[in-house]
Amino acid sequence: MSSSATKQLVDVLKVKDEIMHAAREYLRDRGFTEILPVILSPITDPLHHDTFDGTVNFYGSPYQLTKSMILHKQIALRTLPRIYSVSPNVRMEPAERASFGRYLAEFVQLDLEVRDASRDEIISVGEGLLVHVLTAVTERCPAELVRLGRDLATPEVPFKRITFQEAQEQFGKGFDDALSASLSTPAWVIDFPRSVREFYDREDPARTDVLLDMDLMYPEGYGEALSGGEREHSLPRILRRLEQDGIDKERFSQYLSLVEEGIPASAGFGIGVERLTRFICGLENVEQARLFPKAPGKVGAI
Ligand code: ASN
């Protein structure tokens with residue numbers, strides 16, 4: 001690595017450290033408890049897009065590397081009302097995605113969930129968290145930001161909202177990049193159609209093809225920041241959604257037994273730590289946001 005790249009990495013890692021410190025500070029002040037991440041489990045997020053599964057032979061049983069902690073977050077809320085985890089995720093995306101500059105095959109999500117929360121409440125947690133982190137980094141890392149050439153503005157809340165349908169009408173299919181490039185402050189995309197998201201995102205009772213979920217988009221073309229929403233928690237609705245998605249319910253048998261016993265209603269989101277670092281530091285590629293990056297398809301990285 002060149003000495004200028006090494007110097008940049010030192011600043012980026014300092015900013016990332018401050019991001020995590022500020023995020024933990026914000027969540028702890030609002031009654032969240034940090035839970036330790038799950039790395040191996042017979043169940044994980046099925047995701048809606050292509051990834052190759054990371055399967056480990058766990059004493060003769062296939063266990064998967066975590067793709068997101070969503071199902072464990074729902075179960076954890078049986079024990080604690082407001083939780084978050086700094087959760088390593090492995091998503092072996094198709095190799096072409098490395099060229100987009102925002103995918104890592106191994107990344108970390110700050111993944112949170114709140115019992116009995118609505119989407120609006122969780123949207124305010126997301127806005128407050130981002131504003132707190134941006135303010136803290138601006139105050140505590142001024143020299144690093146100057147060296148990185150980044151002049152950050154703290155956005156005003158509430159952030160603008162646009163529905164999935166409006167975004168598609170204005171920016172076309174796969175609108176993320178065009179929408180993000182058009183923004184000068186972060187904005188929410190809400191109301192995704194059921195067909196493009198996972199079985200755990202809750203349907204709007206008034207419009208069953210629309211989900212009570214959301215993504216946050218960064219401005220300036222940095223793309224998606226986070227995904228989340230309200231969750232399905234009733235067994236019959238979850239079983240119906242699994243069937244509609246053509247997913248064999250046996251794959252989730254341990255989860256479904258716990259849902260049958262009862263899991264609470266909830267809402268939450270997961271925000272990608274490296275993407276947040278990339279946005280705050282103004283980096284070209286998310287691979288510059290961590291030590292030991294593993295980009296899709298790039299075999300050999302340690
Ligand atoms: N962590 C996200 C959520 O809470 C799910 C994901 O990353 N697929 O909704």
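List of remarks:
- Residue satisfying all of: in region 34-73; of a type in the set (Phe, Trp, Tyr) and assigned to a strand (DSSP E or B); nearest to the ligand (Cβ to nearest atom) among these: 52
- Matching residues in region 107-129 - criterion: being over 13 Å from the mean Cα position of the chain (by Cα) and either away from the ligand (no atom under 15 Å from the Cβ) or of a type outside the set (A, V, I, L, M, F, W, C) (or both): 115, 116, 118, 119, 120, 121, 124, 127, 128
- Residue that is nearest to the ligand (Cβ to nearest atom), among those in region 77-96 that are under 16 Å from residue 264 (Cα atoms) and surrounded by fewer than 20 Cβ atoms within 10 Å (Cβ to Cβ): 82
- Sole residue being crowded, with 22+ Cβ neighbours inside 10 Å and either over 30 Å from residue 36 (Cα atoms) or hydroxyl-bearing (Ser, Thr, Tyr) (or both), chosen from 179, 112, 152, 130: 179
- Residue 245 farther than 29 Å from residue 14 by Cβ, within 16 Å of the ligand (Cβ to nearest atom), modelled with pLDDT under 95 and charged (D, E, K, R): yes
- Count of residues meeting criterion [in contact with a helix residue (DSSP H, G or I) (Cβ under 7 Å, 6 or more places away or on another chain) and either farther than 30 Å from residue 266 by Cα or not in a loop (DSSP other than H, G, I, E, B) (or both)] in region 193-205: 2
- Strands (runs of 3 or more DSSP E) wholly inside region 92-192 that include at least 1 residues being in contact (Cβ under 8 Å) with a residue 60 or more places away in the chain: 106-115, 187-190
- Residue within region 260-273 that is within 20 Å of residue 162 (Cβ to Cβ), aliphatic (A, V, I, L, M) and within 16 Å of the ligand (Cβ to nearest atom) present: yes
Yes or no, residue by residue, for (1) within 30 Å of residue 255 (Cα to Cα); (2) in contact with a Lys or Arg (Cβ under 9 Å, 6 or more places away or on another chain):
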| position | (1), (2) |
| --- | --- |
| 68 | yes, yes |
| 85 | yes, yes |
| 109 | yes, no |
| 150 | no, no |
| 157 | no, no |
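- Residue check: residue 71 meets all listed conditions (1) within 24 Å of residue 264 (Cα to Cα); (2) surrounded by fewer than 16 Cβ atoms within 10 Å (Cβ to Cβ) but one, namely (2).
- Checking 227, 184, 234 one by one, the residue that is within 16 Å of the ligand (Cβ to nearest atom) and modelled with pLDDT of 95 or more is 227 and no other.
The values are calculated or read from the model by the stated rules, or taken from the named source; none is laboratory data. The shown structure was predicted, so the numbers you read here are calculated from the model rather than taken from an experiment. Glycine gets a Cβ as well: all are built from the backbone with ideal geometry, and neighbour counts include every protein chain shown.
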